[in-house]
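Engineer: So that we are looking at the same thing, I have put the structure below in structure tokens.
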Amino acid sequence: MLKQPKLIPVKLRYKNNKLTQTLIESYKVLLLVIPDSGSRKLVTKCFSKNITTKLNALKKGEMFTFTLNNKNLTQVVVSRFSCKSRYENLVWSRNFIEKLSDKEQEQVGLHIEGEESQINEITEVVYLAASAKNFKLNTYFSKKNKKPAQKSIKSIDVLQPINKELIKKANAYISGNNLARWLTALPPNILDAKNYIQFIKSYAQEQQISFEFFSEKKLRILNAGAFLAVSQGNKSRDAGIVKLTYTGNPDNQSLDLALVGKGIIFDTGGNNLKPFQYMLDMHIDMEGSAVALGLFHALKELKVNLNVEVWLAITENRISSNSYKSQDIITASNGTTIQAIHTDAEGRMVLADTLALACKSKPDWILDFATLTGACESALTTKYAGVFTNKMELHENLIAAGSISGERVWPFPMDADFLELIESDIADVKQCSESGGGDHIAASKFLEKFVSKEITWVHTDLSSGYTKNGLAHIPTRVTGFGIGFGLELLKKSGKI
């Protein structure tokens, strides 16, 4: 059985102490941040004239490291900070943390010169970067080839007053993001459907929340043909849709929010088989479900005054004699008939039924997350994610939430005439266009057909969920993108 790791690897402790030589000497590592402008008198009192000269000569964003000749041989990592966008600040914090050597650094001091708003921003981004770096994804070396463990930060002592609510929110984000990254990075023979669903069930029991599993048998009763078309090619019959429920406002009988995630735990492309280079990392095609679960976890950690469901569509998309085929006619659970075009457009198929089922609970909002289309990555690269909504007036909030969180997004048009891309002569809708042009928009228009019009719906196509060199403060290829954006969007929209 999968055992969840510790999700918050770094402790943040507040110690309101003045920076003195004695205090510096008590640490083996001290992180020192100097503002772009303002008084530096406190800093200059603690170091030699030679070091002070170097500190004063630092330009915006520059960093340097030196070692003091004291009993601990304290390593001091210094940066001149110039506050920019949240994304740029997160990039800075990752580079700052990377400056730490392999010297023993379990307990690190953090001193920040500047105004309160700067201190809060710097504290948060440094904490996020340290936590992202120190959360280790699973490795599978044999003992004889085991690499030596890297030294890591276990706690950061902040030497100025900090906003405790800010840290509470940061902890919720960190735990949700780490959960999403850990699940996404697991190999497909370890995170198969059976183990994934069993893990979620154990998670629900531990968190004391409601768990419900819609097996293939139950989905047949619900006429969920779109999901079943994808799962029918699997060797085992373990696939299904998971529903978790968090009741944060028991006095309210309505559902505030439904989170939906695509959980294709391995995607071969089906009969339209992917070439090697596009199939190599298809164990990450379940990242949407991991992000939805991670956001759900973060909301529960914050104890939000909301009633929230999360719906996770979990299956493989395999090639076999039973796999669904191009030109199959499939009926989804809301009665919509679908003309299958390309079996590698499986994500929108499993989401179709999952969204339709989520709508039955009549939530005010639905947020769904999916690694859905290559077209979105072609449009935005892996630095942004694409967002799509049935409420055009949300565009400003979507962009702002991405900017504030550092998980940048860009909204795409959803005008009615885009339905022309998926018009069918023999069914209600085509699965996708044969040409593939604008597929990220076509896929979103397809999904919209399974969402009730009165529900506010936002779809995130996770083009930035997997990047070669990490993203912002995240150093791993798997980024867990979406938790920060989701939290800020709900805040901007007055939900939390």
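Engineer: Is it the case that region 174-184 has a residue that's more than 19 Å from the chain's Cα centre (by Cα) and among the hydrophobic types (A, V, I, L, M, F, W, C)?
Structural biologist: Among the residues of region 174-184, not one is more than 19 Å from the chain's Cα centre (by Cα) and among the hydrophobic types (A, V, I, L, M, F, W, C), which makes the answer no.
The rows are residues; the columns are (1) within 22 Å of A170 (Cβ to Cβ); (2) touching a residue at least 24 places away in the same chain (Cβ under 8 Å); (3) assigned by TED's automatic domain parsing to the domain that holds Q118.
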| site | (1), (2), (3) |
| --- | --- |
| N50 | no, no, yes |
| A57 | no, no, yes |
| G61 | no, yes, yes |
| F64 | no, no, yes |
| L73 | no, yes, yes |
| R86 | yes, yes, yes |
| N89 | yes, yes, yes |
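Engineer: Sticking with this structure for a sec: Scanning for something more than 24 Å from the chain's Cα centre (by Cα), without any contact (Cβ under 8 Å) to a residue 12 or more places away in the chain and surrounded by fewer than 19 Cβ atoms within 10 Å (Cβ to Cβ), does region 438-450 turn up at least one residue?
Structural biologist: no
Engineer: Which pairs have Cβ atoms under 6 Å, sit 6 or more apart or on different chains, and link a residue in region 129-144 that is over 11 Å from W182 (Cα atoms) to one that is among the basic types (K, R)?
Structural biologist: Filtered contacts from region 129-144: A129/R94.
Engineer: Under 8 Å between Cβ atoms, at least 6 apart or on separate chains: pull out the pairs that start in region 269-288 with a residue that is among the aromatic types (F, W, Y) and end on any residue that is outside any helix (DSSP H, G or I).
Structural biologist: Here the result reads Y278/G269, each pair linking region 269-288 to a residue that is outside any helix (DSSP H, G or I).
Engineer: With a cut-off of at least 1 residues that are surrounded by 23 or more Cβ atoms within 10 Å (Cβ to Cβ), name the strands (runs of 3 or more DSSP E) lying wholly within region 326-372.
Structural biologist: Result: 337-339, 365-370.
Engineer: Please state which one of K243, K217, K235, K194 is among the charged types (D, E, K, R), over 30 Å from E407 (Cα atoms) and outside any helix (DSSP H, G or I).
Structural biologist: Criteria check complete, one pass: K235.
Engineer: Does K325 count as of a type outside the set (F, W, Y) and touching a residue at least 24 places away in the same chain (Cβ under 8 Å)?
Structural biologist: So K325 passes the test.
Engineer: Only residues in region 372-384 that are assigned by TED's automatic domain parsing to the domain that holds G263 count as the first member; pair them with residues that are at pLDDT below 95 and not in a loop (DSSP other than H, G, I, E, B), Cβ under 9 angstrom, at least 6 apart or cross-chain, and list the lot.
Structural biologist: What qualifies is G374/Y278.
Engineer: Turning to a different aspect of this structure: When residues of region 486-496 are filtered for being touching a strand residue (DSSP E or B) at 6+ places or on another chain (Cβ under 8 Å) and under 16 Å from L179 (Cβ atoms), how many remain?
Structural biologist: Number of matching residues: 1.
Engineer: Which of the residues belonging to region 214-245 are without any contact (Cβ under 8 Å) to a residue 40 or more places away in the chain and either surrounded by fewer than 16 Cβ atoms within 10 Å (Cβ to Cβ) or among the hydroxyl-bearing types (S, T, Y) (or both)?
Structural biologist: S215, K217, K218, R220, I221, R237
Engineer: Can you confirm whether T476 is within 30 Å of I174 (Cβ to Cβ), among the polar types (S, T, N, Q) and not in a loop (DSSP other than H, G, I, E, B)?
Structural biologist: It is false that T476 is within 30 Å of I174 (Cβ to Cβ), among the polar types (S, T, N, Q) and not in a loop (DSSP other than H, G, I, E, B).
Engineer: In this structure, does V260 turn out to be in contact (Cβ under 8 Å) with a residue 60 or more places away in the chain, within 30 Å of Y127 (Cα to Cα) and not aromatic (F, W, Y)?
Structural biologist: yes
Engineer: Being surrounded by 15 or more Cβ atoms within 10 Å (Cβ to Cβ) and polar (S, T, N, Q) is the filter; apply it to region 50-103 and report the residue that is nearest to P475 (Cα to Cα).
Structural biologist: Per the stated criteria, the residue is S93.
Engineer: Being crowded, with 24+ Cβ neighbours inside 10 Å and among the basic types (K, R) is the filter here, so list the residues in region 251-303 that pass it.
Structural biologist: K262, the sole residue that qualifies.
Engineer: A further question on this structure: Name the residue, out of G114, G61, that is under 20 Å from R13 (Cα atoms) and either part of a loop (DSSP other than H, G, I, E, B) or of a type outside the set (G, A, S) (or both).
Structural biologist: G114
Engineer: On to the next question. For Q105, only one of the following conditions fails: (1) part of a loop (DSSP other than H, G, I, E, B); (2) modelled with pLDDT of 95 or more; (3) not aliphatic (A, V, I, L, M). What is its number?
Structural biologist: Status for Q105: all satisfied but (2).
Engineer: Here is a follow-up. Can you name every residue in region 451-494 that is surrounded by fewer than 18 Cβ atoms within 10 Å (Cβ to Cβ) and within 30 Å of E98 (Cα to Cα)?
Structural biologist: K468, N469, G470, P475
Engineer: Taking the residues in region 11-45 that are within 33 Å of the chain's Cα centre (by Cα), of a type in the set (V, I, T) and closer than 20 Å to E115 by Cα as candidates, determine which candidate is modelled with the highest pLDDT.
Structural biologist: Ranking the qualifying residues of region 11-45, first place goes to V33.
Engineer: Continuing with this model, one more query. Does D417 satisfy the criteria of being out of contact with any Asp or Glu (no Cβ under 7 Å at 6 or more places or on another chain) and part of a loop (DSSP other than H, G, I, E, B)?
Structural biologist: no
The values are calculated or read from the model by the stated rules, or taken from the named source; none is laboratory data. Because the structure is predicted, anything quoted here is derived from the model rather than measured. In this analysis, Cβ positions are derived from the backbone assuming ideal geometry, glycine residues included, and neighbour counts consider all displayed protein chains.
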